Amino acid sequence: MEYANALGRRVSILTLGAVQFGMNYGIANKTGRPTRKEVFEILDIARDAGVNVLDTAYAYGESEKVLGEWLSGRADRDAILVATKLPEIEGFADMSEGEAKSKIAEVLSTSLRRLRLERVFLYLLHRAEHMTCRDGLVMRHLDSLRREGLVEHVGVSVYTPEEALLALSVEGVSAVQVPCSVFDQRLRRSGFLERAQRQGVAVFARSVFLQGLILMPVGDVPAHLDEIAPYKRGFERLCREAGRSVAEVAFLFSRAEEGVTSVLVGVDNVAQMRANVELAARPPLSPDLLEKVRESFCSIPERLVNPARWRELEDRRKP
């Protein structure tokens with residue numbers, strides 16, 4: 001396993017996303033949540049392969065709890081870097097400053113209890129608007145929790161180039177989780193990745209397989225996303241000509257993006273975990289192949305590459 005030096009640690013280039021461990025997730029997921037036994041096996045395989053970063057969230061169902069059960073049995077738990085997220089808080093805008101701070105502390109305390117940890121390596125805002133809302137109250141309070149030792153680093157999970165670029169101007173943000181794939185190159189085009197690298201901000205690239213959409217056969221693509229089919233066929237053809245698999249090119253493309261610290265991938269089963277470990281060990285893509293991918297898929301409509309908009313497309317097709 002390769003590692004990057006980021007946030008004062010050696011961070012594995014593969015981060016294991018744990019949303020599937022707590023809830024049904026992913027457009028290509030046909031098996032649902034893995035069992036507790038399967039989750040533990042997945043986590044063991046990841047750790048044995050050198051993966052040392054786990055990504056979860058308060059809002060991911062039982063994910064934090066399951067990870068906590070596994071972590072509690074690990075002698076090397078201090079070497080495992082856990083990232084979790086502050087959720088959207090109902091009624092937050094109407095709370096007094098004291099109530100808001102208490103609620104944030106309460107949510108973090110719940111996450112720590114579930115994870116059976118005294119502190120988390122990275123605490124991300126799950127909503128980008130929390131960076132600036134209430135005149136910066138959330139970020140100020142998270143900084144105080146960081147100084148108390150409950151959080152090592154503070155970051156944000158974003159969905160758009162505008163949110164990502166804003167994060168680079170917000171004091172206290174040391175990591176950003178971003179969508180990044182062969183079909184979604186918005187962050188590279190915006191200049192965010194280059195700027196993040198210059199500023200020393202860690203970047204965790206997620207959605208490299210677009211919830212499995214990039215990997216699934218064209219015939220299995222849901223009707224509301226059928227516009228993606230020509231791009232999928234073109235990508236499959238490019239991969240065949242290069243003699244490399246679709247999964248390999250998709251993963252290594254995001255890995256090669258300038259400024260990316262680690263590629264975050266979730267899995268539904270043991271086979272997928274083993275496959276992702278193998279992908280992380282594959283040789284890098286040639287400069288020529290990288291350029292072909294960038295040129296061929298740099299302008300796919302945002303509605304097709306942003307999962308937050310898929311429900312909108314699905315609703316439009318309903319009678």
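Does any residue of the range 74-83 turn out to be assigned to a helix (DSSP H, G or I), closer than 30 Å to residue 191 by Cα and within 19 Å of the chain's Cα centre (by Cα)? Please lay out each step first, then the result.
First, pick out the residues of the range 74-83 that are assigned to a helix (DSSP H, G or I): 77-79.
So of that shortlist, the ones also closer than 30 Å to residue 191 by Cα come out as none.
No.
Hey, any hits in the range 227-245 for a residue that's surrounded by fewer than 14 Cβ atoms within 10 Å (Cβ to Cβ), at negative phi and touching a Leu at 6+ places or on another chain (Cβ under 8 Å)? First the steps, then the outcome.
In the first step, residues of the range 227-245 are kept if they are surrounded by fewer than 14 Cβ atoms within 10 Å (Cβ to Cβ); the result is 227, 229-230, 233-234, 237, 240-241, 243.
Retained after the next criterion (residues that are at negative phi): 227, 229-230, 233-234, 237, 240-241.
In the following step, the residues that additionally are touching a Leu at 6+ places or on another chain (Cβ under 8 Å) were identified as 227.
Within the range 227-245, one or more residues are surrounded by fewer than 14 Cβ atoms within 10 Å (Cβ to Cβ), at negative phi and touching a Leu at 6+ places or on another chain (Cβ under 8 Å).
Answer yes or no as to whether residue 137 is modelled with pLDDT of 95 or more and buried (at least 16 other Cβ atoms within 10 Å of the Cβ).
On the way: modelled with pLDDT of 95 or more: no; buried (at least 16 other Cβ atoms within 10 Å of the Cβ): yes.
Judged against the criteria, residue 137 is not a match.
Quickly run through the range 185-205 and pick out the residues that are out of contact with any Gly (no Cβ under 7 Å at 6 or more places or on another chain), of a type outside the set (Gly, Ala, Ser) and buried (at least 24 other Cβ atoms within 10 Å of the Cβ).
First pass over the range 185-205, keeping only residues out of contact with any Gly (no Cβ under 7 Å at 6 or more places or on another chain): 185-192, 195, 198-202, 204-205.
Cutting the leftovers down to of a type outside the set (Gly, Ala, Ser) gives us 185-189, 192, 195, 198-199, 201, 204.
Residues satisfying the conditions are 187, 192, 204.
Can you tell me which condition residue 263 does not meet? The list is (1) in contact with a helix residue (DSSP H, G or I) (Cβ under 8 Å, 6 or more places away or on another chain); (2) of a type outside the set (Lys, Arg); (3) at pLDDT 95 or above; (4) in a helix (DSSP H, G or I), and all the others hold.
(4)
Taking into account only those residues within the range 280-313 that are under 15 Å from residue 253 (Cβ atoms) and in contact with a strand residue (DSSP E or B) (Cβ under 8 Å, 6 or more places away or on another chain), which is surrounded by the most Cβ atoms within 10 Å (Cβ to Cβ)?
Applying the first criterion (under 15 Å from residue 253 (Cβ atoms)) to the range 280-313 yields 280, 282-298, 300, 305.
When the remaining residues are screened for being in contact with a strand residue (DSSP E or B) (Cβ under 8 Å, 6 or more places away or on another chain), the result is 280, 305.
On the way: 280: 21, 305: 23.
Ranking the qualifying residues of the range 280-313, first place goes to 305.
Being surrounded by fewer than 23 Cβ atoms within 10 Å (Cβ to Cβ), modelled with pLDDT of 95 or more and closer than 30 Å to residue 234 by Cβ is the requirement here; does residue 163 meet it? Outline the logic, then answer.
On the way: surrounded by fewer than 23 Cβ atoms within 10 Å (Cβ to Cβ): yes; modelled with pLDDT of 95 or more: yes; closer than 30 Å to residue 234 by Cβ: yes.
Yes, satisfied.
Failed condition for residue 10, given (1) within 21 Å of the chain's Cα centre (by Cα); (2) surrounded by fewer than 17 Cβ atoms within 10 Å (Cβ to Cβ); (3) free of Cβ contacts under 8 Å to residues at least 40 places away in the same chain, with all others met?
Status for residue 10: all satisfied but (3).
Inspect the range 30-51 for any residue being under 15 Å from the mean Cα position of the chain (by Cα), under 22 Å from residue 127 (Cβ atoms) and crowded, with 18+ Cβ neighbours inside 10 Å and give the result as yes or no. Reasoning before the result, please.
Residues of the range 30-51 under 15 Å from the mean Cα position of the chain (by Cα): 51.
Subsequent filtering for residues that are under 22 Å from residue 127 (Cβ atoms) retains none.
Checked the range 30-51: no residue is under 15 Å from the mean Cα position of the chain (by Cα), under 22 Å from residue 127 (Cβ atoms) and crowded, with 18+ Cβ neighbours inside 10 Å.
What number of residues within the range 237-260 satisfy the criterion of being assigned to a helix (DSSP H, G or I) and in contact (Cβ under 8 Å) with a residue 12 or more places away in the chain? Break it down stepwise before answering.
Within the range 237-260, the subset assigned to a helix (DSSP H, G or I) is 237-242, 246-256.
Among the residues that remain, those that are also in contact (Cβ under 8 Å) with a residue 12 or more places away in the chain are: 238, 242, 246-256.
Result for the range 237-260: 13.
State all residues of the range 208-223 that are surrounded by 16 or more Cβ atoms within 10 Å (Cβ to Cβ) and in a helix (DSSP H, G or I); if no residue qualifies, say none. Before you say what the answer is, go through the steps one by one.
So the first thing to find is which residues in the range 208-223 are surrounded by 16 or more Cβ atoms within 10 Å (Cβ to Cβ), and the list is 208-216, 221.
Within the range 208-223, 210, 211, 212 meet the criteria.
Here is a list: 64, 88. Which entry is within 20 Å of the chain's Cα centre (by Cα), among the acidic types (Asp, Glu) and under 24 Å from residue 39 (Cα atoms)? Explain how you work it out, then say what you get.
Details: 88 fails: under 24 Å from residue 39 (Cα atoms).
None of the other options fit; the residue is 64.
The values are calculated or read from the model by the stated rules, or taken from the named source; none is laboratory data. Owing to the predicted nature of the structure, the values given are computational and were not obtained by experimental measurement. Reconstructed Cβ throughout: ideal geometry from the backbone, glycine too, with neighbour counts over all protein chains shown.
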